[in-house]
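Below you'll find the structure, written out as structure tokens, and then a few comments.
The values are calculated or read from the model by the stated rules, or taken from the named source; none is laboratory data. Given the structure is predicted, the values throughout are model-derived calculations rather than measurements. Heads up, the Cβs are rebuilt from the backbone with ideal geometry, glycines too, and the neighbour counts pull from every protein chain shown. Note: accessible area is taken over every heavy atom of the protein model, side chains too, but ligands, DNA and RNA are not part of it. Shrake-Rupley method; radii C 1.70, N 1.55, O 1.52, S 1.80 Å.
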Amino acid sequence: MLLQIPDVLSPEEVAECRKALDAAEWVDGRVTAGYQSAKAKNNEQLPEDHPIARQIGDLILRALERNPMFMAAALPSKVFPPLFNRYRGGQSFGTHVDNAIRQVNGTPHRVRTDLSATLFFADPSEYDGGELVIEDTYGVHTVKLPAGHMVLYPSTSLHHVRPVTRGARVCSFFWIQSMVRDDGKRTLLFDLDLAVQRLSEDVPDHAAIVQLTGVYHNLLRRWAEV
Ligand code: NI
């Protein structure tokens, strides 16, 4: 499932973060790339332990915890501390698959990457190019979202970022280990969740809502690893 989540951060939060990000010192993005993706990667990144990265990363994590759509779609077990990248002057990231396991810098913690997330910190009007292109079994999807919006997609997908030919594309990117690792099962649960929510609004007292909620939880019990 590929899902766009609007307004993860407010315009005020985005503006505040951008001030700090624009003033920070960026390094070559290949520092966090695996062997295969280092050959395709050409961008800048904030060092993982940069104080600005940690500060804004925590803001993002708190915003995600409050976001019902993210919680329902991702069913998160662990979220990798958000990283930040910037593309400008023709920079791009060729087709790759994200590493399956990421170690959190300086800790023994590992995150299995079930879902990849990109949160936009620049508006589409600020730059040309820079589309995130994701290939999955349903075809090719091109994503370029307003600042503060986020895209969530299966980490199993091949993806690339097109060259940025004007301005700068500033984003946060990170991975989620889900309680339900299989994308098909997770998508079914999300669909069921949304359907129960709609039913609860339209016919709040219908007995089938309790039954369907039971089905949701019993499937989650069957499939979730915590
Ligand atoms: Ni990637």
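Overall, the accessible surface of the chain at a probe of 1.4 angstrom is composed of carbon and sulfur to the extent of 54 percent.
When the helices of the chain are scored as -39500 (n - 2.57) per DSSP H run of n ≥ 4 and the total is divided over every residue, the value at 222 nm lands at -10500 deg cm²/dmol.
How much length is gained on full extension from Asn99 to Ser200, taking 0.36 nm per residue of separation minus their Cα-Cα distance?
Between Asn99 and Ser200, full extension yields 32.4 nm more.
Karplus-derived 3J(HN,Hα) values for the stretch 100-110, using 6.51 cos²θ - 1.76 cosθ + 1.60 with θ = phi - 60°, are 5, 10, 10, 8, 6, 2, x, 9, x, 7, 10 Hz; glycine and proline are entered as x. Compute the long axis of helix 11-23 from its Cα atoms, compare it with the longest principal axis of the Cα atoms of the chain, and write down the angle in degrees, 0 to 90, nearest 10. So the helix axis and the longest Cα principal axis differ by about 30 degrees.
Calculated FRET efficiency, Leu61 to Ala24, Cβ-Cβ distance, R0 = 22 Å: about 0.70 to the nearest 0.05. Taking Cα atoms, how many degrees apart are the long axis of helix 183-202 and the longest axis of the chain, rounded to 10 and kept between 0 and 90? Long axis of 183-202 versus the principal axis of the chain: about 60 degrees.
Label-to-label distance, Gln4 versus Ala38, with points set 7 angstrom from Cα along the beta-carbon direction: 3.6 nm. Note on Ser125: accessible area is roughly 90 Å² with a 1.4 Å probe, heavy atoms of protein only. Straight-line reach only, C-alpha to C-alpha below 23 angstrom: list the lysines that Lys144 could link to, leaving out same-chain residues fewer than 8 apart. Output for Lys144: Lys19, Lys41. For the chain, the solvent-accessible area with a 1.4 angstrom probe is 50 square angstrom per residue.
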